[in-house]
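Q: Here it is, the structure, as structure tokens.
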Amino acid sequence: MKIAFLSGTSIVNSTLFASWAVRTIETAYGPVTYKAQGDFALINRHGYAFPLPPHAINYRANIRALADLGFQDVLSLNSVGSLQPDLPPGTLVSCSDYVGLQQGPATFYDTELKGGAPGIANNLIPRLVAQLAPEFVLHPGKTYVQMRGPRFETKAEIRIVRHWGDVIGMTAAHEADLCTEAGLRYNSLALIDNYANGLEGTEIDFAKFQALVRDNQAKVNRLFTRLLAILA
């Protein structure tokens, strides 16, 4: 099964993909470096050189690269914060809808009077819910709230947006919009690394966030191992 993965900093720290071939493709929006093995391709959304912060990622180049390479199914793994007390760090979710009001959507329609209906296909998610269990319990049907970054949200902002969805991040809405425009089927996986700022009495900063991501590294490695086996 031909699958493209979109992931973040966790894959840079993983040895799981060390033997995969490193390739670069030129797109109309710039070059994209990716890793490939068999029918799989993997893009680190932040890049493989100096990691770009979320607001500076070339989302259009990443998604255009996957379309140009002939992929139709995209599985995205996002690091998110929890907006709900009953979704603690370490929980694996899939989002079926999203809020992206803080900035305009990423789009390929620069010169056409055209727009598309938003959506997340999640065509692979029922299979993953069934086959990842019981090792991984995947909670589907959640709502993703996208903020711009690169800073984390203030406690006041969290008090507002926690009523909008279940998890919060900085990347998935752009990717879902572009995949829909490009005719790709976007599938959402998100690993909760932390409670959002102020929720459950927490304080969040970048150093603490990086430590939480490191704590989840073994879980991410095991998750990707299972995903590759299930989707092979």
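The values are calculated or read from the model by the stated rules, or taken from the named source; none is laboratory data. A quick note: this is a predicted structure, and the numbers were derived from the prediction, not measured. All Cβ positions, glycine included, derive from the backbone under ideal geometry; neighbour counts span all protein chains shown.
Q: Criterion first (modelled with pLDDT of 95 or more, among the aromatic types (Phe, Trp, Tyr) and in contact with a strand residue (DSSP E or B) (Cβ under 7 Å, 6 or more places away or on another chain)) does residue 5 satisfy it?
A: yes
Q: Test of understanding: among 69, 75, which residue is under 12 Å from the mean Cα position of the chain (by Cα) and farther than 20 Å from residue 107 by Cβ?
A: Of 69, 75, the one residue that is under 12 Å from the mean Cα position of the chain (by Cα) and farther than 20 Å from residue 107 by Cβ is 75.
Q: Would it be correct to say that residue 25 is in contact (Cβ under 8 Å) with a residue 60 or more places away in the chain, surrounded by 15 or more Cβ atoms within 10 Å (Cβ to Cβ) and aliphatic (A, V, I, L, M)?
A: So residue 25 fails the test.
Q: Among the candidates 182, 106, 130, 172, which residue alone is in contact with a Cys (Cβ under 7 Å, 6 or more places away or on another chain) and among the small types (Gly, Ala, Ser)?
A: The conditions single out 172.
Q: Still on this structure: Of all residues in the stretch 179-199 being surrounded by fewer than 24 Cβ atoms within 10 Å (Cβ to Cβ) and assigned to a helix (DSSP H, G or I), which is farthest from the chain's Cα centre (by Cα)?
A: Here the answer is 199.
Q: Would you confirm whether or not the stretch 215-222 contains a residue that is over 23 Å from residue 63 (Cα atoms), part of a loop (DSSP other than H, G, I, E, B), acidic (Asp, Glu) and without any contact (Cβ under 8 Å) to a residue 40 or more places away in the chain?
A: no
Q: Which numbered condition trips up residue 210, out of (1) touching a helix residue (DSSP H, G or I) at 6+ places or on another chain (Cβ under 6 Å); (2) surrounded by fewer than 21 Cβ atoms within 10 Å (Cβ to Cβ)?
A: (1)
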